[in-house]
Amino acid sequence: MHAAARAVHIASTPSDAQLARYAVTALIEEARLTPKPALVDQRGSGAHRDLDLDIMLRSANALEPTFAALARAARHRGEPSAVLRTELAQIGRAGEQDMLLATGGSNAHRGAIWIIGLLVAGAALPGGVTRLASPQIAARAAQIACFPDRFAAPSNSHGERARQRYQVGGARREAQDGFPHVIHTGLPALLAARERGVHENAARLDALLSIIATLDDTCLLHRAGLAGLHAGQRGAQRVLAAGGSSTPAGRAALAALEHALLSLNASPGGAADLLAATLFLDMLAHHDAGRSPESWNI
């Protein structure tokens, strides 16, 4: 596991609209990142039959008003609370309906609404960004996540069933624990790859692979059980051990990982959501440097 993410201080607070745009951009950049193992990217649909890149992009753009509303609610309430948690949940559920309308019924970003939505709220809270670093934003989001959603219907989602069957934490625990696979895995891997001079595309792939290598991904568990989870984790570890996605040996190992996952009809969707969260926090870290998220050379 990589060392903890360094403290990147941010001098000015993004507006609600800016936070929403960063969130959408993170989802778009994650979707476009290629080649991802068995995930939707610019080559095709991976292991998914009901998703493609166009659907992912439509979903991401449809969620911009949702993310802006989440930021606005957090800024208005001013601190983590049960009232804020309930309000955010209501906004998130409305956002899910917007997503389904935009995608024709496909679940492109339900998990990301929860993961990135909480981080948007954490960043929007007074003091959530100014003079604070990514770990503090994640900690504030975790405080919100620890309050119960009093009006939520009993969940029967694929992820929840996998979480209960295999006794893993899932997206809920990831958020309540302060997003460890973002703060202690994804961000450090991304920054370390950049420091090595790796191309931005490969740096992001290596961040994704670092997350896959350690995450108990409920998407893999739902689709292919423990065999799928182990194939994903061990395959990602082999890519990283071979030098990452920028090396010839790493690219060969990445192709082998994708082949293994496709043969199981398995896709690391939970890791993809956490990569998007990683990119979101990375964009916030560059907010005050005057560098646009769209300016990355990938």
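The values are calculated or read from the model by the stated rules, or taken from the named source; none is laboratory data. If you're wondering where the values come from, they're calculated on a predicted model, not measured in any experiment. Every residue, glycine among them, receives a Cβ derived from its backbone with ideal geometry; neighbour counts consider all protein chains shown.
Observations on the structure shown:
- Those residues of the range 204-217 which are surrounded by fewer than 24 Cβ atoms within 10 Å (Cβ to Cβ) and assigned to a helix (DSSP H, G or I), in sequence order: ALA213, THR214
- Pair list, Cβ < 7 Å and 6+ apart or interchain, from the range 223-251 residues that are at positive phi to residues that are of a type outside the set (Asp, Glu) and in a helix (DSSP H, G or I): GLY243/ALA249; GLY243/GLY250; GLY244/ALA193; GLY244/ALA202; GLY244/GLY250
- Across the range 262-298, the qualifying residues are those that are among the acidic types (Asp, Glu) and modelled with pLDDT under 95, and the one among them that is farthest from ALA236 (Cα to Cα) is ASP288.
- Residue within the range 230-240 that is out of contact with any Leu (no Cβ under 6 Å at 6 or more places or on another chain) and not in a helix (DSSP H, G or I) present: no
- Residue count for the range 182-213 under the criterion of being of a type in the set (S, T, N, Q) and more than 18 Å from GLY270 (Cβ to Cβ): the result is 1.
- Residue satisfying condition, being touching a helix residue (DSSP H, G or I) at 6+ places or on another chain (Cβ under 9 Å), among the hydrophobic types (A, V, I, L, M, F, W, C) and not in a helix (DSSP H, G or I), within set ALA38, ALA74: ALA38
- Pairing each residue of the range 42-65 that is closer than 15 Å to ALA112 by Cβ and touching a residue at least 60 places away in the same chain (Cβ under 8 Å) with any residue that is surrounded by 21 or more Cβ atoms within 10 Å (Cβ to Cβ) and small (Gly, Ala, Ser), provided the two are 6+ apart or on different chains, yields C-beta distances under 8 Å for HIS48/SER267.
- Any pair with Cβ under 8 angstrom, 6 or more apart, that starts in the range 192-205 at a residue that is touching a residue at least 60 places away in the same chain (Cβ under 8 Å) and ends at one that is β-branched (Val, Ile, Thr): HIS199/ILE298; GLU200/ILE298; ASN201/THR34; ASN201/ILE298; ARG204/ILE298
- Condition met for ALA69 (under 27 Å from ARG251 (Cβ atoms) and assigned to a helix (DSSP H, G or I)): no
- Unmet requirement for ARG150, which otherwise passes all of (1) modelled with pLDDT under 95; (2) touching a helix residue (DSSP H, G or I) at 6+ places or on another chain (Cβ under 9 Å); (3) under 20 Å from LEU215 (Cβ atoms): (3)
- Of note, ARG223 satisfies the criterion of being farther than 19 Å from PRO35 by Cα and either touching a Lys or Arg at 6+ places or on another chain (Cβ under 8 Å) or assigned to a helix (DSSP H, G or I) (or both).
- Scanning the range 218-248 for residues that are surrounded by 24 or more Cβ atoms within 10 Å (Cβ to Cβ), under 18 Å from PRO180 (Cβ atoms) and polar (S, T, N, Q) turns up just one, THR218.
- Applying the criterion of being among the charged types (D, E, K, R) and more than 17 Å from ALA123 (Cα to Cα) to the residues of the range 52-105, the residue that is surrounded by the fewest Cβ atoms within 10 Å (Cβ to Cβ) is ASP54.
- Test for ARG251: is it of a type in the set (D, E, K, R) and surrounded by 18 or more Cβ atoms within 10 Å (Cβ to Cβ): yes
- Test: residue in the range 44-51 that is at pLDDT 95 or above, closer than 17 Å to GLY186 by Cβ and among the hydroxyl-bearing types (Ser, Thr, Tyr): no
- When ILE28 is tested against (1) without any contact (Cβ under 8 Å) to a residue 60 or more places away in the chain; (2) surrounded by fewer than 21 Cβ atoms within 10 Å (Cβ to Cβ); (3) over 15 Å from the mean Cα position of the chain (by Cα), only condition (3) is not met.
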